[in-house]
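*Asks:* Got a structure for you, questions after.
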Amino acid sequence: MVNYFENVKTAEELKAAYKGLVKQYHPDVYGEAGNDILKEIHSQLEKASKQIDLNNYPLYNDTDKEDTAEQAEMKETFAKEAMGYTNPEGYLFAMYWINRLRPANHRNALTEHNFSGWNIWTLELKKVLTGYQSAQWATFNQAIEKGYIVKKGEKGTSATLAVVSKAKDDEEKDKIFYKGYTVFNFDQFEEMDEQTKIEKQKMLTDKKAKWENKKDYKKPLKKFDSKYAVVA
């Protein structure tokens, strides 16, 4: 099968290539066979467009946006007010939206993952109320793998992992499973000395090996195969 957009890299190139192909394979020019070719071109056009979007707007964004003094003050006020409500994250979201404020770019730099959904507002609330300067978060074990450890006395923040199971042929809707886990802000970490790093990383390796040797270890991992999408 011919890939009509194989060498296209930008939206402008895609638009120009598409116009050229339509002229070339129009039925009035190419004959009836052009109809089938144009169907394939339109199918490939959609896929090529999505790929260009992915290339230009990567899934992981590691940029931070600086707030003005006024914006920072407004955020702190709204975060404190939010704690008086049953659903503080919902109140914070509403006040940000009304006042055209944007939350920090909460992300896990160790796994190159941006948090999404309600996790953004949970982490935003914690960041503003505690005065954390960083918008980066990671789990306890992820930090150990990279040579960091949580400072004594620090407490984590609860986040939610949503695992989406794609619908099977006999099912109408996707299924979503939720799992809670704990993350720490980068301001709560400190670098380990070499001896501590060796000890902690060995402990983590032994722990993983212990689980891998269990009889049913592989079974729960099936939910994370290609038919599942992880959202956090």
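Each value in this text was obtained by applying a stated rule to the coordinates, not by laboratory testing. These numbers were taken from a predicted model, which means no experiment stands behind them. When we count neighbours, we look across all protein chains shown, and the Cβ atoms used for this are built from the backbone with ideal geometry, even at glycine.
*Asks:* Under the classification rounded if a/c is under 1.5, otherwise prolate if a/b is larger than b/c and oblate if not, where does the range 11-56 fall, given a ≥ b ≥ c as square roots of the Cα gyration tensor eigenvalues?
*Replies:* oblate
*Asks:* Say we join alpha carbon atoms closer than 10 Å with springs in a Gaussian network model of the chain; which of 125, 92, 101 then has the biggest fluctuation?
*Replies:* Taking springs between Cα atoms under 10 Å, the residue moving most is 101.
*Asks:* Same structure, new question: In nanometres, what is the gap between the two model label sites at residue 165 and residue 50, each 7 Å from Cα along Cα-to-Cβ?
*Replies:* Going by the 7 Å Cα→Cβ label model, 2.4 nm.
*Asks:* Here's something else I'd like to know. Points 7 angstrom from Cα along the Cβ direction at residue 11 and residue 140: gap in nanometres?
*Replies:* It works out to 4.6 nm between the two label points.
*Asks:* Let me ask something else. Distances longer than 22 Å among the Cα atoms of the chain: what percent of all pairs is that?
*Replies:* 69
*Asks:* Can you pull out the trypsin sites (Lys or Arg not before Pro) in the range 1-97 that DSSP calls coil and that have at most 11 other Cβ atoms within 10 Å?
*Replies:* 65
*Asks:* Mind putting a number on the dipole of the chain about its Cα centre? Charges go on the C-beta only, +1 for Lys and Arg and -1 for Asp and Glu, and I need it in Debye to the nearest 20.
*Replies:* Taking the Cα centre of the chain as origin, the dipole is about 1000 debye.
*Asks:* Please report 140, 189, 5 as a ranked list, fewest other C-beta atoms within 10 angstrom at the top and most at the bottom.
*Replies:* Least crowded to most crowded, the residues run 140, 5, 189.
*Asks:* Continuing with the same structure: List the GluC sites (Glu not before Pro) in the range 64-143 that DSSP assigns to loop (not H, G, I, E or B) and whose Cβ has at most 14 other Cβ atoms within 10 Å. Which are they?
*Replies:* When the GluC sites (Glu not before Pro) of the range 64-143 are filtered for loop state and at most 14 Cβ neighbours within 10 Å, 66, 112 remain.
*Asks:* Still on this structure: Between the range 65-91 and the range 101-168, what is the C-alpha centre distance in whole Å?
*Replies:* 18
*Asks:* Now for a separate question. For residue 109, which sequence-distant residues (separation of 5 or more, or a different chain) have an amide H within less than 5 Å of its own amide H, given hydrogens modelled in the peptide plane?
*Replies:* 137
*Asks:* Restricting attention to the range 136-169, which trypsin sites (Lys or Arg not before Pro) occupy a DSSP loop and are surrounded by at most 12 other Cβ atoms within 10 Å?
*Replies:* Hits after loop and neighbour filter: 151, 152, 155, 166, 168.
*Asks:* How would the range 86-173 be classified by its alpha-carbon gyration tensor: rounded, prolate or oblate, with rounded meaning a/c under 1.5 and the a/b versus b/c comparison settling the rest?
*Replies:* oblate
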